[in-house]
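The values are calculated or read from the model by the stated rules, or taken from the named source; none is laboratory data. Model, not experiment: these values are computed from the prediction. Every residue, glycine among them, receives a Cβ derived from its backbone with ideal geometry; neighbour counts consider all protein chains shown. In case anyone asks, the SASA skips ligands and DNA or RNA and just uses the protein heavy atoms, side chains included. Shrake-Rupley method; radii C 1.70, N 1.55, O 1.52, S 1.80 Å.
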Amino acid sequence: MSTFSKLVMNDIGIAKNRNRQFAYWSKIYFFTAIICGFIIYTVLLLTSQVTPEVIGIAPAFLLFTSFFTSMAMIIREWKGNTVGWWLQLPYSRKMLLGAKFTAGFIRFLRVAVIALVISLAFWIEGMILKPSIWKHYDVGYVTTELGKMYIEILALCPLLIVSGMLFAILRHTKFRPVSPLFWVAYGGLISLMFSTFFNSKTNTDFRSTWTFAFPGLSTGTTLIVGILLSFVLAYLIFQFAAFLLEKHAEV
Amino acid sequence: MNTAVETIKLTKRYGSKIVIDNLDLNIEEGKVTGLLGPNGAGKSTLLKALVGLVRPDSGSISIFGQKPSIKLNSEIAYLPDRAGWYQFHTVKTALEYAKSVFPGFDEPKSEEMVKQMKLDIDMKVETLSKGQQACLQLILCLARNVRLCILDEPFSGIDLISRERIIQGIIESIMDGSRTLIISTHEIYESESLFEKVVFLEEGHVKLAGEVEELRRQGDSLENVYRRLYR
């Protein structure tokens, strides 16, 4: 196994690291939340309070997990007092952050697959329990639309991952006081992303026509330009984070 | 004798507090040097600066004739003060990780040290005692074939038996005399026998430095020299 792969594997371990007691309870909480979520969803479905849009747009919020996962991977180096070991490694800061980026992306893929399975399960339940509203959405349509949604999410998650890393590093430099500005910029970025990619038709009544089940996924030029811009921005933020880590972060 | 570490007019401030103050220091290659001094003397900051974990405000550092750099860290094994290790590792996976990421890591030597320090190879780090974790981290440092080994407070908060094991580990690692070792510690009594040279720091500058044998001839133990200097 190469050095980079070993670093990635270690960073995946850091991302999911919990103490034993918390790991035990987190499993209990996770399964309880699944059961409660299923019961609540069923009640809302039967009383017609849940719409297909909710299921369509929900995966977009997964993007937030990529931000917080990457931020946590770096913060845990400081909190766990392993940062001295991490930063003495004789590899470029880009390589160290590249490993964390890769680990964050792999973790995100895992979460995305779980969310996809849950989304499909909710769709199937909707079609069974409320066929009058959900009958327009056959499996092929749902799969295609969810697929498009996930392609957009996966294309955007690098930007969120590097943003999380940058924020975590910023906390350990003399530039820490500008962190609140970072949150403002981050809020702006998120609203821009949602308005560009996901939100253009959210106010449309889904019942009027089945085509609005997925609230306004961008297509064509807007999508391609948006994704390319997000890649460029992600690259620039990554370079800046590596620069901060090398030149300004202190232990 | 060649110089392993040299600082010239080194200064580091945290805000208005000067932690290292125009420090001129020479550490000889191939010797075991003790870095002693009270809390706040600047020992840990100096050691961090050697591996690039803090950046000096002015002055210069030279390690084997080179400026500290990421690349040069492949020649240095550094045990940070109050460091932790990845809690999800077992002792075995920690050694495997070290073998992959630390240049010069000698796996057979590390396994031998694990046996000597009576660590269970399959135990998770989170289940090890504080002393056992310290022993593991020491192994991760000492099992590397590097020119410079820096140990910052390796005995801090460690029980007597673990301390003796750590000292034994250090003694065995310096037997061949090829590496330079810098040890910062408050545990002077236990570690005195390890040192060939000693540097006493106070408020970021050298208060006294010299050969341990020479200091002993002038006074008595390092502990007494320490008391005299800082009382």
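For the peptide A:8-14, the mean number of other protein chain Cβ atoms found within 10 angstrom of a residue's Cβ is 3. Both chains summed, the buried accessible area for A and B stands near 2600 Å², from protein heavy atoms and a 1.4 Å probe. Protein heavy-atom surface of the protein assembly as shown, 1.4 angstrom probe: 60% of the accessible area is carbon and sulfur, with nucleic acids and ligands not counted. Only one residue of B:ILE20, B:GLN133, A:LEU181 has its Cα farthest out toward the positive end of the dipole of the protein assembly as shown, where Lys and Arg carry +1 and Asp and Glu -1 on Cβ, and that residue is A:LEU181. Estimated purely from DSSP H runs of n ≥ 4, each contributing -39500 (n - 2.57), the mean residue ellipticity at 222 nm for chain B is -9500 deg cm²/dmol once divided by its residues.
Note on B:LYS17: aspartates and glutamates with a C-alpha under 20 Å away, same-chain residues under 8 apart excluded, are A:GLU250, B:ASP57, B:GLU202, B:GLU203.
Rounded to the nearest 20, the size of the Cβ-charge dipole of the range B:25-72 about its Cα centre is 160 debye, with Lys and Arg at +1 and Asp and Glu at -1. Checking the table A:LYS16/B:LYS99; A:LYS100/B:LYS92; A:LYS148/A:LYS247; A:LYS6/A:LYS79 against a 30 Å threshold on Cα-Cα, which pairs fail? Where the Cα-Cα span goes over 30 Å, the pairs concerned are A:LYS148/A:LYS247.
If you take the square roots of the eigenvalues of the alpha-carbon gyration tensor of the range B:67-202 and sort them as a ≥ b ≥ c, do you get rounded (a/c under 1.5), prolate (a/b over b/c) or oblate? Oblate. Let a ≥ b ≥ c be the square roots of the eigenvalues of the Cα gyration tensor of the protein assembly as shown; is it rounded (a/c under 1.5), or, if not, prolate (a/b larger than b/c) or oblate? Prolate is the answer for the protein assembly as shown, as a/c is 1.5 or above and a/b outweighs b/c. When only the Cβ of Lys, Arg, Asp and Glu is charged (+1, +1, -1, -1), the dipole of the protein assembly as shown relative to its Cα centre reaches about 1120 debye. As a rough guide to protection, the peptides A:36-44, A:141-149, A:177-185, B:196-204 ranked by mean Cβ packing within 10 Å, highest first, stand as B:196-204, A:141-149, A:36-44, A:177-185. Quick one: check the C-alpha center-to-center distance for the range A:64-137 versus the range B:79-127, whole angstrom. Comparing the Cα centres of the range A:64-137 and the range B:79-127, I get a distance of 29 Å.
Per-residue shielding of A:79-86, expressed as the average number of other chain Cβ atoms within 10 Å of the residue Cβ, stands at 6.
For the range A:3-247, a Kirkwood radius taken over Cα pairs fed into Stokes-Einstein (25 °C, viscosity 0.890 mPa s) yields D = 124 µm²/s. Shown for the range A:235-250: residues covered by the partner protein chains by 10 Å² or more of accessible area relative to the chain by itself (probe radius 1.4 Å), namely A:GLU246, A:LYS247, A:ALA249, A:GLU250. Going by accessible surface with a 1.4 Å probe and the largest first, A:LEU236, B:LEU181 read A:LEU236, B:LEU181.
Pull out a ≥ b ≥ c, the square roots of the eigenvalues of the alpha-carbon gyration tensor of the range A:24-79, then state rounded if a/c is under 1.5, prolate if not and a/b is larger than b/c, and oblate in the remaining case. Oblate is the answer for the range A:24-79, as a/c is 1.5 or above yet b/c matches or exceeds a/b. Note on chain A: helix-only mean residue ellipticity at 222 nm, from DSSP H runs of 4+ residues weighted -39500 (n - 2.57) and normalised by residue number, equals -25000 deg cm²/dmol. Summed over the residues of the protein assembly as shown and divided among them, the accessible surface reaches 46 Å² per residue at a probe radius of 1.4 Å. Residues of the range B:56-70 whose accessible area (probe 1.4 Å, heavy atoms of protein chains only) drops by at least 50 Å² once all protein chains are present, relative to their chain alone: B:ILE70.
Phi-derived couplings, Karplus 6.51 cos²θ - 1.76 cosθ + 1.60 at θ = phi - 60°, listed residue by residue for the range A:96-107: 4, 6, x, 5, 5, 4, 4, 4, x, 5, 5, 4 Hz, with x used for Gly and Pro.
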